[in-house]
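The values are calculated or read from the model by the stated rules, or taken from the named source; none is laboratory data. Predicted model, so just to flag it, every value in this text is computed and none were measured. Positions of Cβ are generated from backbone atoms using ideal geometry, with glycine treated the same way; all protein chains shown enter the neighbour counts.
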Amino acid sequence: MVTLAQLALPQPSPKASVMYTVGLTEMSVTYSSPAVNGRDIFGTLVPYGEVWRTGANTATEISFSTDVMVAGQAVKAGKYALFTIPAENSWTVILNTNAGQWGSTTYKKDLDVIRFEVTPEKMPELKERLGFYINHVSADEAHVVLKWDRTKIKFPVTVDSKAQAFASINKQFENTPGDWYPLANAANYLTANGGNANDALMYATRATTLNPKHFMAHWAKAKAHEALGQVPEAIAAAQAANKAGAETPSSWYDMTKPAIDEKLAAWSKIKPAKKK
């Protein structure tokens, strides 16, 4: 059997990729980047009304490390071929399970996961090479953007970052006490983002047990008590935070102390509820 050697040469449509993390989800787009090279692109080189690999060579691939919503439709974690059907006023975007296929000649509609429409935008400047970008929008959303020639399309990918974080916290500390610092961080995240306050107090209490000399563990516990409406306990924990901070000085404590003192002043004005 004769083995043919592969000759390495520069490619007219070089391979490229872009990756971004939204919430706890890693998403990426891998594609080959053709050039305009003086050609008439959309409607001619890339015909209107036909399935396009959305790049050159192998069909463009998009991947997600967790389940996501793409343009409002649920998509499971995984890797997908990203096809499009360009038209003058509206493009169809397709996610298809046959990732890794060459071009679009073997495209099968019955392998589509989702389809949706986007409106192309005209750009004032020429984009010589096709490029994908992922633009940050919020903690829960990013936009996948395609630019080539003078045309731009985009579509949203969304996640529930808080739900992801809550699940990560619960999984991390379900069967182990952990280290004090991630425990305190977990408690702070839960109280700041509307998570389970009882869990926050549990994690913060563990943190104070593991490291009673660090102010942040006590401060996390104070905020968990506040979230539960336990003002006297919150005051006691905040006072413990100030005591620990004074005994072990740090710039971190110096930056946090005004917030602790502000809360102590506010909590001290709250009258305890009368017992029935």
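Among the residues of the range 139-155, are any surrounded by 15 or more Cβ atoms within 10 Å (Cβ to Cβ), modelled with pLDDT of 90 or more and among the small types (Gly, Ala, Ser)?
Yes, there is a match, as at least one residue in the range 139-155 is surrounded by 15 or more Cβ atoms within 10 Å (Cβ to Cβ), modelled with pLDDT of 90 or more and among the small types (Gly, Ala, Ser).
Give, as residue ranges, the strands (runs of 3 or more DSSP E) completely inside the range 77-176 that count at least 1 residues that are closer than 18 Å to THR44 by Cα and aromatic (Phe, Trp, Tyr).
Strands (runs of 3 or more DSSP E) meeting the threshold: 78-85, 91-96, 141-158.
Is at least one residue of the range 139-146 among the aliphatic types (A, V, I, L, M), touching a residue at least 24 places away in the same chain (Cβ under 8 Å) and in contact with a Gly (Cβ under 7 Å, 6 or more places away or on another chain)?
Checked against the condition, which is being among the aliphatic types (A, V, I, L, M), touching a residue at least 24 places away in the same chain (Cβ under 8 Å) and in contact with a Gly (Cβ under 7 Å, 6 or more places away or on another chain), the range 139-146 yields at least one hit.
Name, by its number, the condition in (1) closer than 20 Å to PRO156 by Cα; (2) free of Cβ contacts under 8 Å to residues at least 40 places away in the same chain that does not hold for PRO124.
Checking PRO124 against (1) closer than 20 Å to PRO156 by Cα; (2) free of Cβ contacts under 8 Å to residues at least 40 places away in the same chain, the one that fails is (1).
Regarding the range 16-37, can at least one residue be identified that is more than 29 Å from the chain's Cα centre (by Cα) and either under 20 Å from PHE155 (Cα atoms) or of a type outside the set (Gly, Ala, Ser) (or both)?
yes
Report whether or not THR21 is under 26 Å from ASP140 (Cβ atoms), modelled with pLDDT of 95 or more and outside any loop (DSSP other than H, G, I, E, B). Spell out how you get there, then give the answer.
On the way: under 26 Å from ASP140 (Cβ atoms): yes; modelled with pLDDT of 95 or more: no; outside any loop (DSSP other than H, G, I, E, B): yes.
So THR21 fails the test.
Taking the condition of being surrounded by 12 or more Cβ atoms within 10 Å (Cβ to Cβ) and acidic (Asp, Glu), how many residues in the range 253-270 meet it?
Matching residues across the range 253-270 total 1.
Counting only residues that are surrounded by fewer than 22 Cβ atoms within 10 Å (Cβ to Cβ) and of a type in the set (Gly, Ala, Ser), which one in the range 196-232 is nearest to the chain's Cα centre (by Cα)?
ALA197
What number of residues within the range 89-113 are out of contact with any Lys or Arg (no Cβ under 6 Å at 6 or more places or on another chain) and at positive phi?
1
Please go through the range 93-118 and give me each residue that is buried (at least 16 other Cβ atoms within 10 Å of the Cβ) and in contact with an Asp or Glu (Cβ under 9 Å, 6 or more places away or on another chain), ordered by number.
VAL93, ILE94, LEU95, ASN96, ALA99, SER104
Return the residues of the range 238-267 that are of a type in the set (Ser, Thr, Tyr) and either more than 33 Å from the chain's Cα centre (by Cα) or assigned to a helix (DSSP H, G or I) (or both); say none if nothing qualifies.
THR248, SER251, TYR253, THR256
With VAL75, VAL29, VAL18, VAL36 as the choices, which residue is buried (at least 19 other Cβ atoms within 10 Å of the Cβ) and not basic (Lys, Arg)?
VAL29
Looking at the range 191-201, is at least one residue at pLDDT below 95, hydroxyl-bearing (Ser, Thr, Tyr) and in contact with a helix residue (DSSP H, G or I) (Cβ under 6 Å, 6 or more places away or on another chain)?
Yes, the range 191-201 contains a residue that is at pLDDT below 95, hydroxyl-bearing (Ser, Thr, Tyr) and in contact with a helix residue (DSSP H, G or I) (Cβ under 6 Å, 6 or more places away or on another chain).
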